[in-house]
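Working notes, structure below.
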Amino acid sequence: MILFANFLNAVARILHVVLILYMWIIIIRAVLSWVKVPSLYPVVVVLHNLTEPVLRPFRKLIPPSLLGGIDISPIIVILVILFVDSFLVKSLSMIAQNMLRQHTLNFY
């Protein structure tokens, strides 16, 4: 039981780091879209390849043409990431902590 609780805690921590890192990747891509950066730079290509599969469905849902050319898909994705981080990651961590607490109570 302790191993599973520690495994859940580790998964929660890793998922938290990955979600925050991906959020920063989206922020960097959004900032680079405001500045003229040639699209041939490897960094721009990598950022595009990492973020476009996630941004595209939200862009189809709310096209930039509806908002005068403003693309709000990065904002929506960041809000989804924050929701998943607050809901899923914290839930996994709390489950792990409760499992460890129950095991500690049974140990004494």
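Readers should treat all values here as calculations from the given coordinates under stated rules, not as data from a laboratory. Predicted, not measured: the structure shown is a model, and the values here were computed from it. For neighbour counting, all protein chains shown are included, and Cβ atoms are generated from backbone atoms with ideal geometry for every residue, glycine included.
Under the rule of -39500 (n - 2.57) per DSSP H run of 4 or more residues, summed and divided by the residues of the chain, what mean residue ellipticity at 222 nm is obtained, to the nearest 500 deg cm²/dmol? Please list the in-between numbers first.
Numbers: 4 runs with 83 residues, N = 108.
The helix-only estimate for the chain comes to -26500 deg cm²/dmol at 222 nm.
On C-alpha positions alone, give me the angle between the axis of helix 42-61 and the longest principal axis of the chain, in degrees, nearest 10.
That works out to roughly 90 degrees.
Taking the convex hull of the alpha carbon atoms in the stretch 2-107, what volume per residue do you get, in Å³?
Details: hull volume 11.1 nm³, N = 106.
Here the figure is 104 Å³ per residue.
As an exercise, identify the trypsin sites (Lys or Arg not before Pro) in the stretch 29-73 lying in DSSP coil whose Cβ has no more than 15 other Cβ atoms within 10 Å.
Values: sites: ARG29, LYS36, ARG59, LYS60; in loops: LYS36.
Of the trypsin sites (Lys or Arg not before Pro), the ones in loops of the stretch 29-73 whose Cβ has at most 15 other Cβ atoms within 10 Å are LYS36.
How large is the dipole of the chain about the Cα centre if only Lys and Arg carry +1 and Asp and Glu carry -1, each at its Cβ, rounded to the nearest 20 debye?
Working: 8 positive and 3 negative charges, 6 e Å.
Charge dipole, the chain, about its Cα centre: 20 debye, nearest 20.
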